[in-house]
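The values are calculated or read from the model by the stated rules, or taken from the named source; none is laboratory data. Since the model is a prediction, treat every value here as computed from it, not as a measurement. Positions of Cβ are backbone-derived with ideal geometry, glycine not excepted, and every protein chain shown enters the neighbour counts. Just so you know, the surface numbers come from the protein's heavy atoms only, side chains and all, with ligands and any DNA or RNA stripped out. Shrake-Rupley method; radii C 1.70, N 1.55, O 1.52, S 1.80 Å.
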Amino acid sequence: MQSSLLWQAASIEIFIFIAACAVMLADLFLSISWRTRLHWAVIASLWVAAAASFAAVGNDPIVALHGFYVADGISNAVKGLILAAAAGSLMFSRHALRVNRIFNGDFLALVLFSVLGMLVIASAAHLLSLYLGLELMSLCLYALIAMRRENTSASEAAIKYFVLGALASGLLLYGISMLYGATGKLNIADIAYAIANLDETNTAIRAVLILGVVFTVTGMGFKLGAAPFHMWLPDVYQGAPAPVTLFIAAAPKIAALAMMLRVLPQALPLFVNDWQQMLMVLALMSLAVGNITAIAQTNLKRMLAYSAIAHSGFIVLGVLSGGGGAALFYVAAYALMTIGGFGVIVFLSIGGRERAELADMRGMAQRNWLVATTVAILMLSMAGVPPFVGFIAKLTVLESVISAGFIWLAVGAVLLSVVGAFYYLRIIRLMFFESAPASDNKAIVLRPSATLLLAAIAILVVWYGLFPGDLLTFFELAASTI
Amino acid sequence: MFEFESIVFYFFAFLTLSAALGVILVSNPIYAALFLVLAFVASAGIWLLLYAEFLAMVLVLVYVGAVMVLFLFVLMMLDINIDTLREGFWRYLPFAVIIAVLFAAEIILVLTNPKFTSVVGDASAALTDDNTRALGSVLYTEYLYPFELASVLLLVAIVAAVALTLRRRINTRYINPATQVQTKPTDRVRLVSVTKESPLQFSSPSNDKKGKTSCPD
């Protein structure tokens, strides 16, 4: 492999690392009144880094840092998405952080370190850097969830996430060790090369490799939150403070997709039949469990968590059909919708009480028409109703599934999505066709910034639903330059 | 008949196995932890026989020196009641036996299966004479990126630990060290010359603010 250092290739990671350290120092020396400015500075630097990543998508692939790091189309697009999702969730959560009493430098530093871990995953050309990035991301997330220690449900969520996350890391590591044992390599390109030159008659090594594939797929399924490895997700989403949920629902999913795109098609292209079958089971189970269980939920955060499981089914469909561009577009649309969805919960819980029950949405159209309209647009988009972005995302993934020859899979996915439409539409019915209870029916007045953000999300969801062409070609270009 | 090396190997292997048995057989948790230390030291000896002196050093330094000391610390801090630990021993025994038999069967299956012998390579082939030097020379050059990532991981562990545990209690009284070290003897003690005839004149120390216990804001 390439033995050059070329540290400039990792400028974005270095920038985010310096930003995280600067935030910690600044929080130590600056007074509390500077925290708002610090928060905006972090958001600005995340947006700058996101723009730099998106601008680099068309560049030629660079392998740097002695073959541990690669900057290709996928990694740049994924990094841009991660940075934009992190910046977006921070923009939504500023006021709620203050309410939750976690508006401090520790929170910002941990978010930045977690983003750094995700960037490392996106650019990993070596299973060692991939694993280190994963641990960096996960450790920060555990700490972020547990930051409100006096909140017992948050501590419970953190412990659950920690135990299951450690188990998933162990499974992934076990799989990686088997890949290493069979090929003697950890570099992703080297593993693919070693497998291609494998002795056909050596069945023992093939058996070990297939076991390795099983364990790596399981580990990544845990991290993505795909059924049957989804048990942690609803509890964590519900238990974590709303601004943290907002962050962990969007950006880590993008990183998990990047991990799948790195490990499966790039390191194990010759085992495509094996991992395709596993991913089919994962995708169909996620769609079934997510969509059917969400119907029974009465808590909005929990419902969105099950909806996230269903969405991860579609992301997995994109990966297994070889549609990297479709999967990237889907995860981008998902991140946009989920930031909007949890953002609404964050904004509604302003009065000190978290309004995350479904019953709290009753009569929302009379209480605040903008919130009701935004939620309606988001729900229709998540259900896959045209002309919103969620429809285009589902369409592109299904297109790539059909062109890969799995028509029955596409039919199953569509049928299960129709089941899912029920609980999305139920929220719209609650908001528009029922009246609020007499005890809690005053008009909800949002701050101007919150109104602006909700309107922006709604406009983006409609805009990219009507004109998805540029974004689609962008992600197709990103997925093709490997 | 035996070569010197195999005698040393059997010595360390016997020590490791008996110490490992001791870990699970003794009833006192402190003794069990100390047996674990012995098992680590003995397996470090086996590493040395394999010319892996760096791993041997790290095993002793990290596991014996840091992890086990911490472990013993925790054990001594906890109030462990051995009787409650032994409760339900006979109830769980059949289940434990089933698992032990399953594990043993699995290990035997793997060890006797000819398929797996072809996978295991010669581990000692990769080791050079001086593997500390070899590791050191690649750690900061070829493996710079993962090494730096590991350091960021440790930094995050520190930040997370501080963020999760540091809290300001409102009602604790503490002494501000800065004012404490700046006090002079004259602030605390006032020497008055006492004579028999004159009555005593009491007055408080001149500077009352310094060194006073104070509440945080």
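Suppose every Lys and Arg Cβ carries +1 and every Asp and Glu Cβ carries -1, with no other charges. What dipole size does the protein assembly as shown come out with about its Cα centre, to the nearest 20 debye?
Working: 40 positive and 37 negative charges, 643 e Å.
That gives a dipole near 3080 debye.
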**Prompt:** Roughly how big is the B-A contact, given as buried accessible area in Å² (both sides, 1.4 Å probe, nearest 100)?
**Reply:** 2300
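Solvent-accessible area per residue for segment A:267-377 at a 1.4 Å probe radius, Å²? All intermediate terms of the calculation are to be shown ahead of the outcome.
On the way: 2860 Å² over 111 residues.
Accessible area per residue, segment A:267-377: 26 Å².
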**Message:** Please list 3J(HN,Hα) in residue order for segment A:318-330, calculated via the Karplus relation 6.51 cos²θ - 1.76 cosθ + 1.60 where θ = phi - 60°; whole Hz, with x for glycine and proline.
**Reply:** x, 5, 6, 8, x, x, x, x, 5, 5, 5, 5, 4
**Request:** Determine the alpha carbon to alpha carbon distance for each of A:Lys160/A:Lys253; A:Lys185/A:Lys223; A:Lys253/A:Lys394; A:Lys160/A:Lys185 and list only those over 22 Å.
**Result:** A:Lys185/A:Lys223; A:Lys160/A:Lys185
**Prompt:** Helix A:242-261 sits at what angle to the longest principal axis of chain A, using alpha carbons and giving 0 to 90 degrees rounded to 10?
**Reply:** 20
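Express in % the proportion of alpha carbon pairs of segment A:409-476 at distances exceeding 21 Å. Intermediate results must be reported in sequence, preceding the final value.
Values: 1360 of 2278 pairs.
Tail of the P(r) past 21 Å holds 60 percent of the pairs.
Just tell me how shielded B:134-147 is by partners: mean number of partner chain Cβ atoms within 10 Å of each residue's Cβ, no decimals. It would help to have the intermediate numbers written out before the result.
Working: counts 0, 0, 0, 0, 1, 0, 0, 3, 6, 6, 5, 18, 12, 1.
Per residue, the average neighbour count from other chains is 4.
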**Asked** Ignoring ligands, DNA and RNA, what percent of the accessible area of segment A:7-480 is carbon or sulfur (1.4 Å)?
**Response** 69
**Largest to smallest accessible area among A:Asp440, B:Asp130 [probe 1.4 Å]** = B:Asp130, A:Asp440
**Prompt:** If you look at just the Cα atoms of segment A:7-480, how large are its Rg and its Dmax in Å?
**Reply:** 21.5, 75
**Message:** 5 Å is the cut-off here: which amide hydrogens, built 1.01 Å from N in the peptide plane, fall below it relative to A:Glu357, excluding neighbours closer than 5 in sequence?
**Reply:** A:Leu300
**Bins of 5 Å, starting at 0 and running to the largest distance - Cα pair percent for segment A:229-289** = 4, 15, 17, 22, 18, 12, 7, 4, 1
**Prompt:** All other residues with a Cβ under 14 Å from the Cβ of A:Ala383 taken together, and with Lys, Arg as +1 and Asp, Glu as -1, what is their net charge?
**Reply:** +3
**Asked** Among the aspartates and glutamates, which have Cα under 14 Å from the Cα of A:Lys79 when same-chain residues fewer than 8 positions away are ignored?
**Response** A:Glu13
**Fill in**
Net charge near A:Gln366 (other residues with Cβ under 11 Å of its Cβ; Lys, Arg +1; Asp, Glu -1) is +2
**Prompt:** Given Cα pairs under 8 Å that are at least 6 residues apart, what percent is the relative contact order of chain A?
**Reply:** 16
**Area accessible to solvent at A:Lys223, 1.4 Å probe radius, in Å²** = 30
**Complete:** SASA check, B:Trp47, accessible area w/ 1.4 Å probe, all protein chains in place, rounded to nearest 10 Å², comes out at 100
**Asked** Out of residues 5 or more away from A:His126 or on other chains, whose amide H comes under 5 Å of its own, with H placed 1.01 Å from N in the peptide plane?
**Response** A:Ile188
